[in-house]
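See below for the structure under consideration.
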Amino acid sequence: MVAQERVICRSADLVEGSRGVRFKVMVYGKEEPAFAIRFHGRVHAYFNRCSHVPVELDCRPGEFFDDSKLYLICSMHGALYAPESGRCLGGRCQGRGLIPVAVEERDDFVLLIPNE
Ligand code: FES
């Protein structure tokens, strides 16, 4: 899917439990929305697509955490996902999680990692 390593953002752009960074991933010639967040010190990234209905999770761009800052939440109907795995934790995701995107933090940057 991802053919080339590239910078998504600076490490400092991702603050624990705060706003995520939105970016695009080229998948079979089509740009797909994705996002990265920081949780328990580590960066995680997922395709920005709810498993209930394929819409982006953040109605307000970059707002992926719920009020507790412990869960990712879909702003449409409130499905909850685990920030560290994307696993569905409740609501209309009904056991289906988010799809992870391979990222790595290196030299103060967050990088999209090729997986082909
Ligand atoms: S679209 Fe995400 S919970 Fe319904």
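If I go through region 77-96 residue by residue, how many of them are assigned to a loop (DSSP other than H, G, I, E, B), of a type outside the set (Lys, Arg) and surrounded by fewer than 16 Cβ atoms within 10 Å (Cβ to Cβ)? Qualifying residue count, region 77-96: 6. The listed residues are 34, 79, and the only one of them that is within 11 Å of the chain's Cα centre (by Cα), on the phi < 0 side of the Ramachandran plot and at pLDDT 95 or above turns out to be 34.
Taking the numbered list (1) more than 16 Å from the ligand (Cβ to nearest atom); (2) outside any loop (DSSP other than H, G, I, E, B); (3) out of contact with any Lys or Arg (no Cβ under 9 Å at 6 or more places or on another chain); (4) not basic (Lys, Arg) in turn, residue 46 passes all entries but (1). Do you know which residues across region 16-46 are among the aliphatic types (A, V, I, L, M) and closer than 18 Å to residue 85 by Cα? Hits for region 16-46 are 21, 34, 36, 37, 43, 45. I need the full set of residues from region 39-67 which are without any contact (Cβ under 8 Å) to a residue 12 or more places away in the chain and within 11 Å of residue 18 (Cα to Cα), in order please. Result: 67, single match. The set of residues in region 52-63 that are surrounded by fewer than 20 Cβ atoms within 10 Å (Cβ to Cβ) and more than 7 Å from the ligand (Cβ to nearest atom) comprises 54, 56, 59, 60, 61, 62, 63. In the set 36, 12, which member is away from the ligand (no atom under 13 Å from the Cβ), in contact (Cβ under 8 Å) with a residue 24 or more places away in the chain and assigned to a helix (DSSP H, G or I)? When all the criteria are applied, what remains is 12.
When residue 24 is tested against (1) surrounded by 13 or more Cβ atoms within 10 Å (Cβ to Cβ); (2) more than 16 Å from the ligand (Cβ to nearest atom); (3) touching a residue at least 24 places away in the same chain (Cβ under 8 Å); (4) of a type in the set (D, E, K, R), exactly one condition is not met: (3). Scanning region 64-76 for residues that are within 13 Å of the ligand (Cβ to nearest atom) and part of a strand (DSSP E or B), we see that the one that is surrounded by the fewest Cβ atoms within 10 Å (Cβ to Cβ) is 73. Residues that are within 11 Å of the ligand (Cβ to nearest atom) and under 14 Å from the mean Cα position of the chain (by Cα) do occur in region 86-101.
The values are calculated or read from the model by the stated rules, or taken from the named source; none is laboratory data. Just so it is clear, the model here is predicted, and its values are computed rather than measured. Methodologically, a virtual Cβ is constructed for each residue, glycine included, from the backbone with ideal geometry; neighbour enumeration extends over all protein chains shown.
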